[in-house]
Amino acid sequence: MNTAKNVPELFGSMVFNETVMRERLPKDVYKKLKQTMREGTAIDAEVAPVVATAMKDWALSKGATHYTHWFQPLTGITAEKHDSFISPTDDGGVVMEFSGKELIRGEPDASSFPSGGLRATFEARGYTAWDPTSYAFVKDGTLYIPTAFCSYTGEILDKKTPLLRSMDALSTQACRVLKLFGKDVKRVTTTVGPEQEYFLIDKADYAKRKDLIFTGRTLFGAMPPKGQEMEDHYFGSIRPRVAAFMQELDEELWKLGIFAKTKHNEVAPCQHEMAPVFTTTNIATDHNQLTMEVMRRVAERHGFVCLLNEKPFEGVNGSGKHNNWSISTDTGENLLEPGKAPSGNLQFLLFLTAVIKAVDEYQDLLRISVASAGNDHRLGANEAPPAIISMFIGDELQAILDAVEAGRDYTDVAKTKMDLGVSALPDIQKDTTDRNRTSPFAFTGNKFEFRMLGSSLNIACPNIMLNTAVAEELRQFADELDGATDFQAALTALLRREIKAHKRIIFNGNGYDESWVAEAEKRGLLNLKSTDAALPHYTDEKNIRLFETHGVYTKLEMESREEAVIEEYYKTLHIEALTMRDMARREILPACLSFERAVADGALAKKQLGLAGGAETRLLTQVSALNDALECAVSTLEEAVEAVPKADAETLAHYYHDEVLPCMDAVRKPSDALERMVGKEYWPFPTYADILFYT
Ligand code: ADP
Ligand code: MG
C-alpha cells in the first residue's frame, strides 16, 4: 500500500467542491449557484445546463461514465440508479452528455421504495430533485448527485428534506433569540460529529452463517470461554490486517471530502470505531451514510465483512453511534459554549434551558428516532444507555441551575465553587463533564452527545427531532421575551420557571443502575422499552403540532413515516424468525442428531462388549433432551409465524414483539446449550470463538 500519500491533495479530490466550482464555472454562474446554496432559492434555468456540463466534464476527468441521483429513502442506507452519460450521434457513435434537466430532476422508478402507503394514496411515481447544498462527488466510476426525493403531489419520501427543513426552523428561531441579545445573526446551523462503531469479521466465517447473511446479526451462538471481560481490546494495538483496512478507509473517505479523524479498537473483540471532525448536520448526514457504505466496500477488499448491525453478537457489546450535536452562528459562535462573560452566560443558559425543555417535552420523539429491531437488543443492556431518556449536565452546571431555580445569584455559585475571583461561569472542563458514560444525552463541554443511536441508523432522524424540538422551545422563549420591558428580569423569571418545570429530565447519576428505572418512573419519565411500544407515539397530537408548526412534516407525511418504520420493524423480525427456523431445522438439528446417533452407537457397542457406558449414557440423555427441546421450540416458532394475524402494521409489530420474539429466544437456548456439548467437528457453522478470536 502506498502510505506516504499527499493527504491535502487527496482530500476532497473526488468532490465537486468550492475549488472545482470556482475553477470550472463562469463567474456569474458560480455566483448564482452559491446564492442558491446559501439561500435555498430555486436554481436558475440558465444556470443548470452550465453547471451540468461542468460537472460532467469534471466527472469524466475523474473516470466517471455514469451519473446517479443519490438519495436517502425512508429505510435502508441510500438509494441510487445509474444512468450513463452516453448519447448516440448520427454517425452511429456516442458522445458523453448531461443536461441541466438531468441534473435538476430525476425519475427513479420509485414504486418499491417504502412510503408508508403515501404513493398508493396519491401518485405512483416519485422524483428526485438536486440538493445543491451538498456537493456532488465521484465514487466507483459514477457521478453522485445528492438529491431530495418526493412524490408528484409534493409529499416528501426521504430523510434529507425534513432534515434541511428542521435546520431552517432552528435557524429562524435561534436568530430571533439572538436578536434579543442585540446580535445580528443571519444564519444558525447545527453541527454534528457522529462517532461510528462497527465490527470487522472474516469474510469466510460470514459466508458460512445464514443469520449474518440474512439478518446482519447472529441468531445463535454460545459465549466463548473468553469474551470482553479482560477489556484488553479497547484502545489495544490494532492488528496489521485491520490497520491496513483502516488506512484504506481513511484514504477513501478523505477522497470524498469526509473528515475521518480518529480510529481505535472498541471494547468488544473485533469492534472498532471511527470518528470524523464535526460539520454542518446535513453534510454530516451525507458523510455518515457514505462512511457506512465505504466501510462495507473497503472491508470486502481486505477479506473482511463490516457488520453495522446494532447487536451482531449476544454477550458482547453492541455497536452504537454517538451523535455529538451543537449549535453555532454564521459568525462562528458556538451557542452551547459556556463562555466567560456574564452577559454571554445568560445567553448560554437560555440555549441550555431550551435544550433541557426540548428533551423533556419530546422524550418520546428522541426515543422513537433511535428505535429499531436491532437497537432494541442494545438499549437498556449493560453497555448502552437505558431506553429512558435523561440528560447529564455535570456538577458545575447543576449547581448553577440550582441557584437560578432558587433565585440565588448564580454568578456567586461559580465564584465560591470555583474560586475564580471573577463573576463568571466556571470554565467547564471537558474531562469533568464527560465522565458519565451511562447517560443517553450528555453535555460534554460545548456540545451534547446523544448516545442512544444504533450503529446502522441514518442520523437524519434524531437530528430532525432534536432540531425541531429545540426550535419550538426557542420560538416560545422568543415570543415571551420579545417586547419585555425589563429583558433581564423577564429572562431570569423564564429561566427559573423552565428549570423548575423540566429539571426532572436531568439525571447525573449512573444510568445503568437498577434503581434509576424506579426513580425515573417516580419522576414521570417515559420508559418505552421496545420499538413497537415507542413508534405509535410518533403521531401523538403534540408531535404532529410540533412538526406542522415548523413546516417540517405534514400530518400525512408523519403517518406514512410511522407506518414505514413499523413495517420495517416487524419485517425484520419476520426474516429473523424464518432464518432461525431454517438454520435450526436444516443445519443445527441434523448436526446434533448425528452427534446423538454417534454417542448412541458408542453406548450400544460398549453394552455389547459388556462394558459400562456411563459417559455415553449420561451424554446421550442430555443431548437427547436438548434435541427434543430444540425441535419443540422450532415447531412452536413455526406455529407463531404461521399464526400471524391479518392486521394493521401496529398490531403486527406488537404481535412479533410479544409472540414471535419469545419463541425465538426459546429456540436459541437449547441450541446454545447443544453447541457447548456437541463435538466441534459436528457443528455446522463457525462459533463465536471462531469468529471473534480469529488470527
Ligand atoms: P470525546 O467525545 O471522545 O471527548 P471529542 O470531544 O474530541 O471527543 O469529539 C467527539 C466528536 O464530537 C467528534 O466527532 C467531534 O468532531 C465532535 N464535536 C466536537 N465539537 C463539536 C461541535 N461543536 N459540534 C458537533 N460535534 C462536535
Ligand atoms: Mg464520545
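Here are the numbers for the structure shown:
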read-out: The lone exception for His322 - which of (1) part of a helix (DSSP H, G or I); (2) within 16 Å of ligand 1 (Cβ to nearest atom); (3) not hydrophobic (A, V, I, L, M, F, W, C) it fails; value: (1)
read-out: Complete set of residues in region 59-76 that are loosely packed, with under 15 Cβ neighbours inside 10 Å and at negative phi; value: Ser61, Thr65
read-out: Filter result for Cys270 (at positive phi, away from ligand 2 (no atom under 14 Å from the Cβ) and in contact (Cβ under 8 Å) with a residue 12 or more places away in the chain); value: yes
read-out: Residue list for region 613-640, filter: touching a helix residue (DSSP H, G or I) at 6+ places or on another chain (Cβ under 7 Å), within 17 Å of Phe220 (Cβ to Cβ) and surrounded by fewer than 19 Cβ atoms within 10 Å (Cβ to Cβ); value: Ala629, Glu631, Thr636, Glu638
read-out: Residue list for region 18-42, restricted to those being surrounded by 15 or more Cβ atoms within 10 Å (Cβ to Cβ) and touching a Phe, Trp or Tyr at 6+ places or on another chain (Cβ under 7 Å); value: Val20, Met21, Arg24
read-out: Subset of region 373-409 [small (Gly, Ala, Ser), at pLDDT 85 or above and touching a helix residue (DSSP H, G or I) at 6+ places or on another chain (Cβ under 7 Å)]; value: Ala373, Ala387, Ser390, Gly394, Ala399, Ala403
read-out: Verdict on Lys32 being in contact with a helix residue (DSSP H, G or I) (Cβ under 6 Å, 6 or more places away or on another chain) and not polar (S, T, N, Q); value: yes
read-out: Breaking point among (1) more than 16 Å from ligand 2 (Cβ to nearest atom); (2) modelled with pLDDT of 95 or more; (3) out of contact with any Gly (no Cβ under 7 Å at 6 or more places or on another chain), for Asn309; value: (3)
read-out: Verdict on Thr549 being touching a residue at least 12 places away in the same chain (Cβ under 8 Å), assigned by TED's automatic domain parsing to the domain that holds Asp402 and loosely packed, with under 15 Cβ neighbours inside 10 Å; value: yes
read-out: Helices (runs of 4 or more DSSP H) (entirely within region 186-292) containing at least 2 residues that are within 15 Å of ligand 1 (Cβ to nearest atom) and under 21 Å from Ile459 (Cβ atoms); value: 240-255
read-out: Complete set of residues in region 182-199 that are more than 16 Å from ligand 2 (Cβ to nearest atom) and either more than 27 Å from Arg475 (Cα to Cα) or in contact with a helix residue (DSSP H, G or I) (Cβ under 6 Å, 6 or more places away or on another chain) (or both); value: Val185, Arg187, Val188, Thr190, Phe199
read-out: Residue count for region 11-49, restricted to those that are among the acidic types (Asp, Glu) and in a helix (DSSP H, G or I); value: 4
read-out: Residue satisfying condition, being in a helix (DSSP H, G or I) and at pLDDT below 95, within set Thr572, Thr579, Thr617; value: Thr617
read-out: Yes/no for Lys255 being within 28 Å of Lys159 (Cβ to Cβ), in contact with a Leu (Cβ under 8 Å, 6 or more places away or on another chain), surrounded by fewer than 24 Cβ atoms within 10 Å (Cβ to Cβ) and touching a residue at least 60 places away in the same chain (Cβ under 8 Å); value: yes
read-out: Filter result for the condition that a residue is more than 16 Å from ligand 1 (Cβ to nearest atom), over 26 Å from Lys139 (Cβ atoms), of a type in the set (S, T, N, Q) and not in a loop (DSSP other than H, G, I, E, B), over Asn317, Asn345; value: Asn345
read-out: Tally, over region 140-162, of residues that are among the aromatic types (Phe, Trp, Tyr) and free of Cβ contacts under 8 Å to residues at least 40 places away in the same chain; value: 1
read-out: Hey, Phe220 within 16 Å of ligand 2 (Cβ to nearest atom) and surrounded by 16 or more Cβ atoms within 10 Å (Cβ to Cβ) or not; value: no
read-out: Condition check for Ala275: within 16 Å of ligand 2 (Cβ to nearest atom) and touching a residue at least 40 places away in the same chain (Cβ under 8 Å); value: yes
read-out: Test: residue in region 372-384 that is on the phi < 0 side of the Ramachandran plot, surrounded by fewer than 21 Cβ atoms within 10 Å (Cβ to Cβ) and among the hydroxyl-bearing types (Ser, Thr, Tyr); value: no
read-out: Criterion (without any contact (Cβ under 8 Å) to a residue 40 or more places away in the chain and acidic (Asp, Glu)) met by exactly one of Asp211, Asp250, Asp205; value: Asp250
read-out: For Ala299: the one exception among (1) more than 15 Å from ligand 1 (Cβ to nearest atom); (2) assigned to a loop (DSSP other than H, G, I, E, B); value: (2)
read-out: Residues within region 139-172 that are part of a strand (DSSP E or B) and either modelled with pLDDT under 80 or under 24 Å from the mean Cα position of the chain (by Cα) (or both), tallied; value: 11
read-out: Subset of region 234-267 (residues that are away from ligand 2 (no atom under 15 Å from the Cβ) and among the aliphatic types (A, V, I, L, M)); value: Ile238, Val242, Ala243, Ala244, Met246, Leu249, Leu253, Leu256, Ile258, Ala260
read-out: Among (1) surrounded by 15 or more Cβ atoms within 10 Å (Cβ to Cβ); (2) assigned by TED's automatic domain parsing to the domain that holds Gln173; (3) without any contact (Cβ under 8 Å) to a residue 60 or more places away in the chain - the single one Ala518 does not satisfy; value: (1)
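The values are calculated or read from the model by the stated rules, or taken from the named source; none is laboratory data. On a predicted model such as this, the values are computed, not experimentally measured, just so you know. Positions of Cβ are generated from backbone atoms using ideal geometry, with glycine treated the same way; all protein chains shown enter the neighbour counts.
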